[in-house]
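The structure appears right after this line, and notes come after that.
All of the numbers you see were taken from the coordinates with simple rules; none came from a lab. Keep in mind that this is a model prediction, so the values were computed, not measured. Using ideal geometry, Cβ is built from the backbone for each residue, glycine included, and neighbour counts are taken over all protein chains shown.
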Amino acid sequence: MVHPSKDILRTRGEELKEKRIVLCITGSVAAVQCPEIARQLMRHGAEVFAVMSTMAQKIIQPYLMEWATGNPVVTELTGKIEHVALAGAHVHKAELILVAPATANTIGKIASGIDDTTVTSVASTAFGSKIPIVVVPAMHESMYRHPILDANVQKLKTFGVEFVGPRIEEGKAKIAGTEEILRVVIRKLSASKDFDGMKILVTAGPTLEYIDPVRIITNKSSGLMGIEVAREALLRGAEVTVIYGPGTVTPPAEARVIRVETTTEMYEAVVSELKSQKYDAVIAAAAATDWAPKKPYDFKVSTHKTSALDVRLETTPKIIDVVKKTSPNAFLVAFKAEYNVSDKELVQNAYQRLKEAKAALIVANDVARKGVGFGVETNEIFIIDEKREVVHVPLMTKREAAQTLLDVIADKIEAK
């Protein structure tokens, strides 16, 4: 009989379909987050098995994890040799060991090969059977800063263990957010690695231009589309650098992030990156501000002394125009937003811009349409190539749109 708790399997995606994940829980108060971690993994298709240390069981009940996962919970090692059943070198072994939360004590024991708990025994067995291990630390900050702990973390990294977080807040090294853990697990187990070994530069978010020290010109871009592109590229094996304007979306922790404010700063950051290293692709998803005050005020303009303000604007540097000049072999994907135009005009204008920038692809959308563009979680895009062939992506989440865009990019790069 199928456990009722498994009715959430694959309700949010199938990235982890048929993947067996062992969630190893240790004695940190962050263990209270484990039911939600397990449920999120299941919503994306994973079969989750919980293994709890003795101290973890004093924080949350094993019954809770049995409810969360729909599977029996390992609380001790018996004649069933549970650590081997889950992580041994056989055809039914797990695809991933996720130690979350991981205390300083457990990290030290795993690094030293000590097997005196259910969790450390599973980890040691996983090393022998070459199962990937992801560790999510959680402890007081003073413990996290201990040089021996740092040495243990570095030692485990040399053996291929991946660490997620922690978030340093309120004097504590808090467990990473559930969504961040989910993204790392999906990336680790993603079947599609068509960008493996590639270096991709993504621009994302808005830029802003100062009228005076406290007033700005900008647009309503949140940065979500560019960040979803970066996340998808990471999932598919790419090494990603994000040049990020002042957006409202948190970029993925696995990406290298360069923060900028103005269009000129973003322009200069792009040029610097392309000159300093080779990128296979540049995806220019940022909504860079097109106009800037010619002479911004260096003081706050007082409305009590001035009833009208004249501001002369000039165009900002065009970032996509410099990409091919600086890095001729980079696969350039440009973005172009229009307002209240027909599909025909949208494609025509975008194609003209593609030719001017010598881009391989251009992504166009009409931000006047409902649910499209700035400040929303959905998008409708048209992807146009050098031959003017068009892929229309109907209204869907920006995450799904990013997946489709990366599929098109992969096909085009492979064709070349």
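Just a few scattered comments:
- Between helix 34-43 and the chain: long-axis angle, C-alpha atoms, 0 to 90°, nearest 10: 60 degrees
- For the range 280-390, convex hull volume per residue from C-alpha positions, Å³: 164 Å³
- Taking amide H atoms as placed 1.01 Å from N in the peptide plane, the amide H of Phe331 lies under 5 Å from those of Ala281, Val282, each 5 or more residues away in sequence or on another chain.
- Whole-number D in µm²/s for the range 38-152 (Stokes-Einstein; Kirkwood sum over Cα pairs; 20 °C, 1.002 mPa s): 145 µm²/s
- Around Leu406: net Lys/Arg minus Asp/Glu count, Cβ-Cβ under 14 Å: -3
- Pairs spanning more than 32 Å between alpha-carbon atoms, out of Lys275/Lys398; Lys6/Lys416; Lys336/Lys416; Lys155/Lys412; Lys318/Lys412; Lys275/Lys355: Lys6/Lys416; Lys155/Lys412.
- For a label point 7 Å along the Cα-to-beta-carbon line of Thr11, residues of the range 25-48 with backbone N under 14 Å: 36-46
- Modelled spin-label separation between Thr378 and Glu414, with each label point placed 7 Å from Cα along the Cα-to-Cβ direction: 3.0 nm.
- FRET efficiency for the Phe159 to Glu389 pair, using the beta carbon distance and R₀ = 51 Å, is estimated at 0.65.
- Summarising the overall dimensions of the range 199-415 from its C-alpha atoms, the Rg and Dmax are 17.5, 63 angstrom.
- Of interest is the spacing of the C-alpha centroids, which for the range 64-127 and the range 152-219 amounts to 27 Å.
- Approximate spin-label separation Val322-Met143, in nm, with each point projected 7 Å along Cα-to-Cβ: 4.8 nm
- Helix 178-189 axis versus longest C-alpha principal axis of the chain: approximately 80°, rounded to the nearest ten.
- Between Arg215 and Tyr63, full extension at 0.36 nm per residue minus the direct alpha carbon distance yields a gain of 49.2 nm.
- Radius, Kirkwood style, for the chain when every pair of distinct Cα atoms is counted (Å): 23.6 Å
- All other residues whose Cβ lies under 13 angstrom from that of Pro35 are scored, Lys and Arg at +1 and Asp and Glu at -1, for a net of 0.
- Acute angle (nearest 10 degrees) that the helix 224-235 long axis makes with the longest principal axis of the chain, alpha-carbon atoms: 40 degrees
- Taking 0.36 nm per residue of sequence separation and removing the Cα-Cα distance, the Val91/Ser342 pair yields an extension gain of 84.9 nm.
- Sites matching trypsin sites (Lys or Arg not before Pro) across the range 149-221 that sit in DSSP coil, with at most 15 neighbouring C-beta atoms within 10 Å: Lys193, Lys220
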